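The structure appears right after this line, and notes come after that.
Bear in mind these aren't lab numbers, they're just calculated from the coordinates by the rules spelled out. Just so you know, these numbers come straight off a predicted model, no measurement behind them. Please note: Cβ atoms are built from the backbone with ideal geometry, for glycine as well, and neighbour counts cover all protein chains shown.
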Amino acid sequence: MLSVIVTVALLVVLLLWVAAAHHRLVVRRRAVAAAWRELAGRLATRHELVPALAGAGGDVAGATRAACDAATAARDRAAAARGPADAAARETDLTAALDRLRALLDGPATSAAPAMRAALDDLAAADAAIAAATHAYGQVAATYNGATETFPRM
């Protein structure tokens, strides 16, 4: 009779341990999803700023107009991204296009316009928020990935 009680007690402890370990994984997976939603929201904010920046630079011609068009096209591709892996590649392209546009627009003649300066400042603030959200997402994802790789030791 004692061996049955001990066996049942060990099974209950084992089941509780498995349930707790599974719960920790679920909590971490949800944290990854929440961090991605935060990052996706920051990226969407940047996507909304691109037309304002392109519009502010729209009064110029030549290479700047081409850079505005390239940034707008890259923004459209980035906005259509599905999931973190797809977004990473498309956002890299958008960042490169925006860097080229910023380099052309950040001169003394073009940045003197209030609309241009405001658009550049808004984009810089959005980029800073994206950097912070990317860092947070990376930390949460690394914690989750580490937990899934070491599941039996949790």
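Tell me, in nm to one decimal, what length is gained between R24 and A141 on full extension, where the rule is 0.36 nm per residue of separation less the Cα-Cα distance?
In short, 40.8 nm is gained.
Report Rg (one decimal) and Dmax (nearest whole number) for the chain, counting Cα atoms only, units Å.
Looking at the chain, its Cα Rg and Dmax stand at 24.1, 90 Å.
From the phi angles alone, apply the Karplus equation (6.51, -1.76, 1.60; θ = phi - 60°) to segment 17-27 and give each ³J(HN,Hα) in whole Hz, x where the residue is Gly or Pro.
Those phi angles translate into 5, 4, 5, 5, 5, 5, 4, 4, 5, 5, 4 Hz.
State the extension gain, in nm to one decimal, for the chain segment bounded by A103 and L15, taking 0.36 nm per residue of separation less the distance between their alpha-carbons.
My answer for the length gained is 25.7 nm.
For a quick check: sort E48, E149, E38 by the number of other beta carbons within 10 angstrom, fewest at the front.
With the sparsest Cβ surroundings first, the list reads E149, E48, E38.
222 nm [θ] for the chain, helices only, -39500 (n - 2.57) per DSSP H run of 4+, per residue, to 500?
-31500 deg cm²/dmol
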